[in-house]
Amino acid sequence: MENPHRILIVDDNKANLLGFKTIINMMLVEIDTAASGFEAIRLAEKIQYALILLDIQMPDMDGFETLEKLRQLPHHEYTPIILISAVYTEDQYKIKGIKTGAVDFLPKPVNPDILRAKVRVFLDLEENRNKLNSLVEELKIKNRLLTEEIRKGEQITRELEIARAKAERASEYKSRLLVNMSHEIRTPVNSILGFADLIINPSVCTSDKEKYLRYVGNSSQNLLFLIDEILEHSRLEAGELKINVSPVEISGLCSELLDSFETIKWQTGKEKIELKLEIDPAHPNLIFNTDSHRLRQVLSNLLNNAFKYTHSGAVSFGYHLAGAEIEFFVKDTGIGVADEDVAQIFNRFKRADNQDDINTSGTGLGLSISKNIIELMGGKIWVTSHAGEGSEFHFTLPLDQSSISTYPEPEIITYDVHVDSEWQDKTILIAEDEQLNFLLLQETLRLSGVRIIWAKTGSESIDLVNAHPEIDLVLMDIRMPEVDGYQATRMIREIRPDLPVIIQTAYALSDDRNKSLKEGGDEYITKPINRLLLLKTMAKYLNKQAM
Ligand code: ADP
């Protein structure tokens, strides 16, 4: 539409039109003519003119009216329009014309040189105006791009700010973790080293040695618990904690915890505290889909705390069904938590001001880990507690109704674990690359009388199973060089599908448990090996064979 050299001449007099055209034609411009105001507007609606020469005196619509209408066309808002008249030559008409939007006024008869000069000037002006307009447009685009760049820059700055704050928090967290851990790790290690030193001292009597050995055992347990907590927390931080759901017998899991905490309470000098399990009487044999390892972990954590922060009275735990959820609780009659600390204790590193003994060990991570786990499993965790009045921790887990079932009363099979000399006619293979670990297992099993064959590598274990058909059971370590425990188990399965394989996993690496069973192990047992549990698990297979 835009043509800087296209001119419109409007005059009702054909001779005038021709005359103007002849004068201007010499200037290499394109010329349109209109014989009325109406025709002029029609043309101007479609064409962008660089200049319009407009006669004032025309029938129907005069030059002033035409001018007014032309100015209303958006692309002719600023087009130079020169009015021409033989009649309206007085100043008042010139002023009216200028006010209506004309840029100049020419009297008739028109002097050709003046007309050409004016046309030239206004065409140049229009051309410059157009150039200016394109520059303005260009500037507008650049301005928009710049604004967009600035907006992006600001966004990047904001994101960097968030990342920096996150990195600072992570770094602060790492420093706190290091400070906390070096203290927490030193405490049990000191006592392990100290008592181990006393144990090898020939002047210490046997009964004291036994006592010191128990201390070493307790401190080792604490150390192990601590390492698990740190690993677990790092996994949560890295978003690597996975939930593995499978049907779980809840009361069975609770009974196991009852058993182990009965033992722990004696080991930690809390034997006077009564421990009770309260199972929902309406759902004693409940099975539902959940992650048994994580559930056990949270309950253990809460029970551990309950014993840690209780000096007399009772600890009770259990569950009941509440609508579409199962609600667990752990209650104690301990020191409680002050109201102002209750909201804080689920945050990491937060330890309430209730430590009556500044040496009560703890990292302040346990509850934060438990909260994360429960939330990952779709539940909620909370506490009701007052200083000196004990604490009640509750957490819920969603119940997928389709996954709920009950199990029939189990057939009670007891395996006698007083196996002194009972397995003299049995042979087991222990696959273990660490000599100390092997020696420990050998000592643990000495009284049972079982015959032990030692495979120091995974491939050796396969060869030995081939060579010794009398082997009744395999205790398989996972982490061994070259052929690992999983590969070895698969090979052994092919050679002797009926041979029971108990896989030993590191407790801290929970993925091992699921993999152990998937890879063909009959059972898994966690390291450090608990003697009673090992004997019970082995009895399940060795005593069965005898039956
Ligand atoms: P910690 O390793 O310090 O026990 P947790 O995260 O398990 O860390 O607990 C955070 C804090 O909550 C504890 O330091 C303690 O002050 C308080 N707490 C947790 N459980 C109990 C409880 N059963 N009775 C009283 N205080 C508790």
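The values are calculated or read from the model by the stated rules, or taken from the named source; none is laboratory data. Given the structure is predicted, the values throughout are model-derived calculations rather than measurements. Cβ: placed from backbone, ideal geometry, glycine included. Neighbour counts: every protein chain shown. Calculation scope for accessible area: heavy atoms of the full protein, side chains included, ligands and nucleic acids excluded. Shrake-Rupley method; radii C 1.70, N 1.55, O 1.52, S 1.80 Å.
Some observations on this one:
- Test: residue in region 101-124 that is in a helix (DSSP H, G or I), under 22 Å from Lys21 (Cα atoms) and touching a Pro at 6+ places or on another chain (Cβ under 8 Å): yes
- Hits in region 192-220 - residues which are among the β-branched types (Val, Ile, Thr) and not in a helix (DSSP H, G or I): Ile200, Val204
- Ser246 being over 36 Å from the mean Cα position of the chain (by Cα) and surrounded by fewer than 17 Cβ atoms within 10 Å (Cβ to Cβ): no
- Selection within region 231-242: residues that are part of a helix (DSSP H, G or I) and under 18 Å from His293 (Cβ atoms). The member of this set that is nearest to the ligand (Cβ to nearest atom) is His233.
- Set Val298, Val315: member being assigned to a strand (DSSP E or B) and closer than 30 Å to Leu177 by Cβ: Val315
- Residue match in region 308-324 (condition: closer than 24 Å to Tyr215 by Cα and more than 13 Å from the ligand (Cβ to nearest atom)): yes
- Scope region 125-160; condition of a type in the set (Lys, Arg) and open to solvent by 100 Å² or more (accessible area, probe 1.4 Å); matching residues: Lys131, Lys140, Lys142, Arg144, Arg151, Arg158
- Pairing residues of region 292-313 that are hydrophobic (A, V, I, L, M, F, W, C) with residues that are in a helix (DSSP H, G or I) and within 12 Å of the ligand (Cβ to nearest atom), at Cβ distances under 7 Å and at least 6 apart in sequence or on separate chains, gives Val298/Ser370; Leu302/Ser370.
- Residues that are at pLDDT 85 or above, among the charged types (D, E, K, R) and either open to solvent by 20 Å² or more (accessible area, probe 1.4 Å) or closer than 30 Å to Gly323 by Cα (or both) do not occur anywhere in region 407-421.
- Qualifying residue in region 68-91 (condition: among the aliphatic types (A, V, I, L, M) and in a helix (DSSP H, G or I)): yes
Here's the yes/no breakdown for (1) modelled with pLDDT of 90 or more; (2) in contact with a Pro (Cβ under 6 Å, 6 or more places away or on another chain); (3) surrounded by 18 or more Cβ atoms within 10 Å (Cβ to Cβ):
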| site | (1), (2), (3) |
| --- | --- |
| Ala314 | yes, no, no |
| Phe317 | yes, no, yes |
| Ala322 | no, no, no |
| Val330 | yes, no, yes |
| Ile345 | no, no, yes |
| Asn372 | no, no, yes |
| Gly378 | yes, yes, no |
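- Which numbered condition Ile287 fails, given (1) open to solvent by 30 Å² or more (accessible area, probe 1.4 Å); (2) in a strand (DSSP E or B): (1)
- Any hit, region 437-450, residues being open to solvent by less than 10 Å² (accessible area, probe 1.4 Å), of a type outside the set (Ser, Thr, Tyr) and under 40 Å from the mean Cα position of the chain (by Cα): no
- Looking only at residues of region 216-230 that are under 24 Å from Leu365 (Cβ atoms) and away from the ligand (no atom under 15 Å from the Cβ), we find that the one that is modelled with the highest pLDDT is Ser220.
- Scanning region 249-277 for residues that are over 36 Å from the mean Cα position of the chain (by Cα) and open to solvent by 50 Å² or more (accessible area, probe 1.4 Å) returns Asp259, Glu262, Thr263, Trp266, Gln267, Thr268, Gly269, Glu271, Lys272, Glu274, Lys276.
- A search for C-beta distances below 7 Å between a residue of region 372-383 that is within 16 Å of the ligand (Cβ to nearest atom) and any residue that is acidic (Asp, Glu), counting only pairs 6+ apart in sequence or on different chains, returns Val383/Glu392.
- Residue check, Val189 surrounded by 12 or more Cβ atoms within 10 Å (Cβ to Cβ) and not in a helix (DSSP H, G or I): no
- Taken over region 243-271, the criterion of being part of a loop (DSSP other than H, G, I, E, B), out of contact with any His (no Cβ under 9 Å at 6 or more places or on another chain), under 29 Å from Arg214 (Cα atoms) and not hydroxyl-bearing (Ser, Thr, Tyr) is satisfied by Gly269, Glu271.
Residue by residue, here is whether (1) small (Gly, Ala, Ser); (2) surrounded by fewer than 14 Cβ atoms within 10 Å (Cβ to Cβ); (3) within 14 Å of Leu8 (Cβ to Cβ) holds:
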site: Asp32; (1), (2), (3): no, no, yes
site: Arg42; (1), (2), (3): no, yes, yes
site: Leu54; (1), (2), (3): no, no, yes
site: Gln57; (1), (2), (3): no, no, no
site: Asp91; (1), (2), (3): no, yes, no
site: Gly101; (1), (2), (3): yes, no, no
site: Ile114; (1), (2), (3): no, yes, no
site: Val119; (1), (2), (3): no, no, yes
site: Leu123; (1), (2), (3): no, no, yes
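- Residue in region 347-365 that is surrounded by the most Cβ atoms within 10 Å (Cβ to Cβ), counting only those that are near the ligand (Cβ under 6 Å from one of its atoms) and either among the hydrophobic types (A, V, I, L, M, F, W, C) or at pLDDT 85 or above (or both): Leu365
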